[in-house]
Amino acid sequence: MAKNQVARLTYYGVALFETEIIYGTLKGVFGSVEEEQRPIEDSSYVSMINIEFPIPYDEIFFQTLTMQRWFKIKALIKEMKRRRGRKGIKVFLCFCGISTCSKCRLIFSLLNKNSRSFEMGLEKIEYLVDIIPPQILQMPRNIEEVEYSYDELSFKWLPLIAKSYSSLERYRFIDNQWRIL
């Protein structure tokens, strides 16, 4: 099913063996992976990983990828964070939709410098499968991309920004409401 789709891996400050593990894991599922190494874009983080999955974020994603591969990717990312310490790593996990009924691009951005918060955020991603679709229904119309960020104070993934490229509108989630920027 997923063998004809292309995953993308973009990174900087990542060791060769780390990219090989992620690349091999993605290639085993999707058959093709576009890989791009970039120069350092943010000096407050020593490393960055952006993985774009070519399938929607839902239960089928975890069945397609398999929990074994998901745990492998999570374990590698946590180890990368541990090895970099306070220097930081930022991680973006992107999906081309949310379940089969929404084509809205979903991004999980994990920018926490605190190691424990970073790990907690990463561990909670698979448990949001039933929580995010109802939240998406509350978004403004014509949203094409929504970014979730892990909040260290509430210990929750919260919607951060929603974008509509066709109308050039941007929204921020403030006080449980979407507000136009």
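The values are calculated or read from the model by the stated rules, or taken from the named source; none is laboratory data. As the structure is a computational prediction, the values presented were derived from the model and not from experiment. In this analysis, Cβ positions are derived from the backbone assuming ideal geometry, glycine residues included, and neighbour counts consider all displayed protein chains.
Residue by residue, here is whether (1) under 22 Å from SER115 (Cβ atoms); (2) at pLDDT 95 or above holds:
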residue: VAL14; (1), (2): yes, yes
residue: TYR23; (1), (2): no, yes
residue: LYS72; (1), (2): yes, yes
residue: ARG82; (1), (2): yes, no
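For the range 88-114, what are the residues that are more than 20 Å from SER164 (Cβ to Cβ) and of a type in the set (Lys, Arg)?
The answer is LYS90, LYS113.
Exactly one condition in (1) in a strand (DSSP E or B); (2) free of Cβ contacts under 8 Å to residues at least 40 places away in the same chain; (3) out of contact with any helix residue (DSSP H, G or I) (no Cβ under 8 Å at 6 or more places or on another chain); (4) hydrophobic (A, V, I, L, M, F, W, C) is false for VAL33; which is it?
Every condition holds for VAL33 apart from (3).
In the list VAL14, VAL29, VAL33, VAL6, which residue meets the criterion of being among the β-branched types (Val, Ile, Thr) and farther than 22 Å from LEU106 by Cα?
That would be VAL14, the only listed residue that is among the β-branched types (Val, Ile, Thr) and farther than 22 Å from LEU106 by Cα.
For the structure I just gave you, tell me whether LEU168 is among the aliphatic types (A, V, I, L, M) and out of contact with any strand residue (DSSP E or B) (no Cβ under 9 Å at 6 or more places or on another chain).
Values: among the aliphatic types (A, V, I, L, M): yes; out of contact with any strand residue (DSSP E or B) (no Cβ under 9 Å at 6 or more places or on another chain): yes.
Yes; evaluated as a whole, the condition is true for this residue.
Out of the residues in the range 121-168 meeting the condition of being aliphatic (A, V, I, L, M) and modelled with pLDDT under 85, tell me which one is surrounded by the fewest Cβ atoms within 10 Å (Cβ to Cβ).
LEU137
Can you spot a residue in the range 41-53 that is assigned to a helix (DSSP H, G or I) and modelled with pLDDT under 95?
Keep residues of the range 41-53 that are assigned to a helix (DSSP H, G or I), which gives none.
The answer is no; no qualifying residue exists.
I'd like to check something: does the range 19-29 contain any residue that is surrounded by fewer than 19 Cβ atoms within 10 Å (Cβ to Cβ), under 18 Å from the mean Cα position of the chain (by Cα) and of a type in the set (Asp, Glu)?
Within the range 19-29 (the criterion being surrounded by fewer than 19 Cβ atoms within 10 Å (Cβ to Cβ), under 18 Å from the mean Cα position of the chain (by Cα) and of a type in the set (Asp, Glu)), the answer is no, since none of the residues qualifies.
(1) under 14 Å from TYR150 (Cβ atoms); (2) in a helix (DSSP H, G or I): which one isn't true of PHE108, the others all being true?
Result: PHE108 passes all but (2).
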